[in-house]
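Colleague: Here's a structure for you.
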Amino acid sequence: MNFSPDQILLATIAYLFVLFMVGYAGDRGTIPSGIIRHPATYVLSLGVIAGGMASNGVLALAAEYGFHFLLYYLGIALMFLLAVLLLRPLLRLCRVHHLASLADVLTFRFRSPWVGAAITLAMCFTLLPLLALQIRTVADSIQVLSGSNADTMVGTLRGEGLAFLFCLIITIFAILFGTRNAANPNHNPGLVAAIAFESLVKLFALLALAAIVVAQVFGGPAGLQDWLASQPSALPDAGESLSAVAARTMLLLFFAGAVCMPHMFHMAFAENSNSRHLRAASWGLPLYLLLLALPILPILWAAVASGQSAPFEYAGIALGLALHSPAASGLAFVAGLSAASGVIIVTTLALANMCLNYLVLSNNLLRRFSEQSLYKQLKWMRRVLITALILGGYTFYMLLSGAQSLPQLAILAFSGTLQFFPAVVFTPYWPRANRTGLLAGLATGLAIWFVSLPLPVLSDNTLGLTADDGNAWAMRCLVAVLANTAVFIVVSLLTPRSRDEAIAAEICSMESRIRPYRRSLVINSAGEFSARLAPALGDKTAQAEVERALNELRFDAREARPYALRHLRARIEANLSGMLGPAVALDIVDSCLPFASSYAAAEDFTLLERRLEKAQGRFTGLAADLDNLRRHYRQTLDELPVGLCSLGGDGEVLLWNRSMAELTGISADTAVGSRWRSLPPTWCNALSAVLDEQPDFIIKRELPGEQGASRWISLHCSRPVAGSDDQLVLLEDITDYQRLQDEVLHNERLASIGRLAAGVAHEIGNPVTGIACLAQNLGYSEDPSEIREAADDILRQTERISRIVESLVNFSHLGSGRGDLRAEPCNLADCVDEAIHLLSLDRDARPVAFNNTCDRELLVLGDNQRLLQAFINLLGNARDASPPDGEISISAAKQGSDDSVLIHIDDQGHGIPAHLLQRIMEPFFTTKDVGQGTGLGLPLVYSIIEDMGGSLRVESPGPDETCSGTRVTLRLRLAHYASAAELMAMASGAPH
Amino acid sequence: MYIDRALLLVFGLALVFFPTLEGWVFADAEHWYRPFLIWFGVVLAAFWNQYRRGTDEL
């Protein structure tokens, strides 16, 4: 029983329609994404490698070479079993740099558009036999199924007509599959689903066919074994039919084809970027191929046992017809149809993308019309290219004499693509390879291949594959690839490589780690991206691409953080790479969205850390230990009780811990990746102030707090981190500390006043007694001159009292000790004199001589009252340490180098023992008797001087013979008078 | 680049003992299933290899 051609064509259309619907359902999301993204789906999609050769050609191989037919499967399986050698590095490259084809990879590696164009053209040419093989498989299957004589079907008009019809149908479906998503032609979940479905169909069809024919011909597996026992020559002796060289060459062909064939490359690397899926494929695809190979021998033996005369390639269909089993015939046909259609669709899709990227767009053959969307133009170009490629395959099919078997066509195609294998191997393993060597080797290999293999075939000479032919084809394949490799190596060694090639070689190297770099864009916000891209893509396309990238990253159009802008740029490049190819995408992005400087600033640790966070739990071994260590230290930094932020040399915030977020009210998500100058003014000014200072300098700032209350912060900036320009800033809330310090200052001031109280009382008592005496005498005096003199004396005494009281009142105020440090020019000599005067009021104190030699014109920048407090404490300590009638000298000199003033207070006292010198700044530490000192004086002086931007140093004994006791050195900032008006204003006490 | 030593050992042994194995595996058509058994064993070894070790790539 036969099928009519109309029935067969209808079945063909029906099957392809089902395949298309599966793809459509995958794209629309009808098939759950969990199934689409499952590793099993990925593994099944790789079954696209098993085309007409796997469904039909291997039957002829098995009949001719016995067990050597397994070489077809073993070559492919071996590539995936050893995925770590070649596939994993390629996957890493493709994922990171958005490479979707072999032409992309080699163009990226060898940095030349000529390489991409050459690879594309060569690929198109070498794959014509593969396309012809698929067309032959289906066309001949239709003929056999319709009952045509197997021996006469070759070269007939009917055969060619059927082939053309099939090409027409497959072109329509290939266009429907391949051009639905013009914006991202390399990511088609629907295509993955359809090809996985197709792999399942052909596997099921072959297994079911084997089960049917074994049952009907042999009566079951036992019958098959009995038949084999009675047929010692059921399989040709492998050693006699195929030489060792030929066997190894066949293995090499299919081993290389697993990575060089564009349909395999597309499904393995363009439609998938998950390395876990590749790990599953390392055993999953060999298992699938094992199951695919399992029914071949039973089908072959069933054909031999039944005595059918059709070529072995179509033994399954012929068996079904002979056994009057429509199911068997149908299954055999569907197996071949699904295998062939999958290869044609994916191959032409992959080749069309390559042709578009390297033959059309790179040569500016695509004119852009600003009023037309780029997507529409790209879609139509792909349709035209897919049609041209399928017609090219049909043309090659027509050129064939028809005497070639499917294995012969397969060897033609695989031996052609073998010429790309040296370049694929050298990409990760030999950095010295350059584009000149690649092009020279490829030209040599392809020339030898063309002359020795396709040309004889096209000249009506068959490609002898048998031992009788001396397995010449194997030698020709080896000569071509060895010549290719030799020329590649020699020319690469003899010619220089460019700097770009060297960088790319390093990137592609096996040991290279992909490190993101932090670079600044010239663009300041996401809103500018569209305008920048419009000249290259057109307004509509540019806007669509930017919006798409913003949606994918969930960024706002007002985004201005440098980290986010870099991310946006990378995403736009990735999306454009899928649409236009990586080379064109890189050109567009580099020209429209350039970086601010041509050199990378530093590693982008923010991006690296986010990737590590996403990859949490996936690491093993040492990588897992290092990641745990990173998390531990990261958490330590995050949990520090002080605010910590890290700032890059370019001003980008790299780290913002939890305390920093709490103190500033700015979350880490907002701060990290942005410039510190874009922070709220309060914090921007604070960071600016601390970064302007020298490293290790601590500044204090008062900030408005809640409900009108102030709060104080201290900022401390570290030195630049070794090997980079990054700096660390520590932020601490010192409000409580500052309030405590102010209280201490006020109390110390009052304590000083208390110490002076007795002397003050005595000082006031003297003039009061004098006034009383003079007043008494006035009562008895009648001489006007005596009265006037007495009155003048009384006035002088009251003035004396007024001065003492005024000094005490001014001193006790000191700005009420509430932190309002006023930095203004202070006359140093006057301040010292005032301090000496106040100290001299204390009559119980040891009598010493103060020698103030400070320049009367010298001004320092500080708070006058606090400076007075400091001098009172220091001069008081010097007096307490000095012997009676000792001398305390106060001198000052300018330091021209840093615009500061050094003030020396020298005493001739007993000095400070070395072991106590370290402790004198400790609060409450004192060597005086109980009740004589609080131990807060020196710490307070230190704090006052530090607040004024100065420093304090104590040396005991002094540095030279003039100071036998202790020398206290203050360094304060020199102040300048801006104008005479300021002088006048200061003198009168008016504000200036 | 990490290559599991177990898998390398399997391939190494296969290479060394291939002449001996070849005679047994491809003895005659009656025991046509032997190559597939060997093949299945290699698949199991590959499955065990990738199952034990995770990936350290981002």
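Colleague: Stretched out fully, how many nm does the piece from residue A:803 to residue A:725 gain, at 0.36 nm a residue minus the Cα gap? Mind dumping the intermediate values first?
Modeller: Working: separation 78, 0.36 × 78 = 28.08 nm, distance 5.71 nm.
Computed gain between residue A:803 and residue A:725 is 22.4 nm.
Colleague: Under the rule that an exposed site lies in a DSSP loop and has at most 11 other Cβ atoms within 10 Å, name the longest stretch of chain A with no GluC sites (Glu not before Pro) of that kind, not counting the sites themselves.
Modeller: On the way: sites that count: A:371, A:511, A:639, A:782, A:857, A:961.
Counting only loop sites that pass the neighbour cut-off, the longest clear stretch is A:1-370.
Colleague: In nm, to one decimal, how far is the modelled label at residue A:684 from the one at residue A:857, with both set 7 Å along Cα→Cβ?
Modeller: 4.3
Colleague: In whole Å, how far is the Cα centre of region A:389-413 from that of region A:339-354?
Modeller: 16
Colleague: May I ask you to list the chymotrypsin sites (Phe, Trp or Tyr not before Pro) in region A:522-574 that are in a DSSP loop and have at most 13 other Cβ atoms within 10 Å of their Cβ? Numbers along the way, then the final one.
Modeller: Details: sites: A:529, A:555, A:563; in loops: A:555.
In loop regions of region A:522-574 (DSSP not H, G, I, E or B), there are no sparsely surrounded chymotrypsin sites (Phe, Trp or Tyr not before Pro).
Colleague: Neighbour counts of other C-beta atoms within 10 Å: give me A:162, A:728, A:608 arranged from fewest to most.
Modeller: Sorted ascending by nearby Cβ count, the order is A:608, A:728, A:162.
Colleague: Pulled fully out, how much extra length does the chain show between residue A:231 and residue A:274, if you take 0.36 nm times their separation in residues and subtract their Cα-Cα distance? Let's see the in-between values first.
Modeller: Details: separation 43, 0.36 × 43 = 15.48 nm, distance 4.86 nm.
Net length gain for the segment: 10.6 nm.
Colleague: Report, as a whole number in µm² per second, the diffusion coefficient that Stokes-Einstein gives for the protein assembly as shown at 37 °C and 0.692 mPa s using the Kirkwood radius over alpha carbon pairs.
Modeller: Rounded to a whole number, D works out at 91 µm²/s.
Colleague: OK, next. Taking R0 as 51 Å, what FRET efficiency do you get between residue A:917 and residue A:531 from their Cβ-Cβ distance, rounded to the nearest 0.05? List each step's numbers first, then the result.
Modeller: Values: r = 67 Å, r/R0 = 1.32.
Calculated value: 0.15.
Colleague: Could you tell me the relative contact order of chain A? Use alpha-carbon pairs under 8 Å, at least six residues apart, and round to a whole percent.
Modeller: Details: 1569 pairs, mean separation 105.6, N = 992.
Averaging sequence separation for qualifying contacts and normalising by length gives 11 percent for chain A.
Colleague: Work out the FRET efficiency for residue B:27 and residue A:429 from their Cβ-Cβ distance, taking R0 = 35 Å, and round it to the nearest 0.05.
Modeller: On the way: r = 39 Å, r/R0 = 1.11.
The calculated FRET efficiency here is 0.35.
Colleague: Counting alpha carbon pairs within less than 8 Å and at least 6 residues apart, what relative contact order, in whole percent, applies to region A:5-402?
Modeller: 37
Colleague: Between residue A:642 and residues 5 or more places away or on another chain, which pairs have amide H atoms under 5 Å apart, with H built 1.01 Å from N, and which residues are they?
Modeller: none
Colleague: For A:33, A:112, what's the fewest-to-most ordering of other Cβ within 10 Å of each Cβ?
Modeller: Values: A:33 10, A:112 20.
Neighbour counts put them in this order, fewest first: A:33, A:112.
Colleague: Here is a further query. How large is the helix-only mean residue ellipticity at 222 nm for chain A, computed as the sum of -39500 (n - 2.57) over DSSP H runs with n ≥ 4, divided by its residue count, in deg cm²/dmol to the nearest 500? Walk me through the numbers before you get to the answer.
Modeller: Numbers: 42 runs with 596 residues, N = 992.
After summing the helix terms and dividing by residue count, I get -19500 deg cm²/dmol.
Colleague: For the pair residue A:243 and residue A:899, how long in nm is the line joining their label points, each one 7 Å along Cα→Cβ?
Modeller: So the two model labels end up 9.1 nm from each other.
Colleague: On average, how many beta carbons from a partner chain sit within 10 Å of the beta carbon of a residue in A:279-289?
Modeller: Counting Cβ atoms of other protein chains within 10 Å of each residue's Cβ and averaging gives 5.
Colleague: Estimate the FRET efficiency between residue A:556 and residue A:384 by the formula 1/(1 + (r/R0)^6), using the beta-carbon distance for r and 41 Å for R0, to the nearest 0.05.
Modeller: Numbers: r = 40 Å, r/R0 = 0.97.
The formula returns an efficiency of 0.55 here.
Colleague: Let me ask something else about it. Could I have the simple spin-label model distance between residue A:399 and residue A:830, label points 7 Å from Cα toward Cβ, reported in nm to one decimal?
Modeller: 10.5
Colleague: Hey, another quick one. Straight-line reach only, C-alpha to C-alpha below 18 angstrom: list the lysines that residue A:379 could link to, leaving out same-chain residues fewer than 8 apart.
Modeller: Reachable lysines: A:540.
Colleague: How long is the gain from residue A:743 to residue A:187 if the chain were fully straight, where each residue apart is worth 0.36 nm and the alpha carbon distance is subtracted? If you can, show how the numbers build up before the last one.
Modeller: Working: separation 556, 0.36 × 556 = 200.16 nm, distance 6.97 nm.
So the extension gain works out to 193.2 nm.
Colleague: Could the peptides A:444-453, A:341-350 be put in order, highest first, of the mean number of other beta-carbon atoms found within 10 Å of their residues? Let's see the in-between values first.
Modeller: On the way: A:444-453: 19.5, A:341-350: 29.0.
For the peptides A:444-453, A:341-350, the packing ranking is A:341-350, A:444-453.
Each value in this text was obtained by applying a stated rule to the coordinates, not by laboratory testing. Note that the structure is predicted; figures quoted are calculated from it, not measured. Note: ideal-geometry Cβ built from the backbone for every residue, glycine included; neighbour counts use all protein chains shown.
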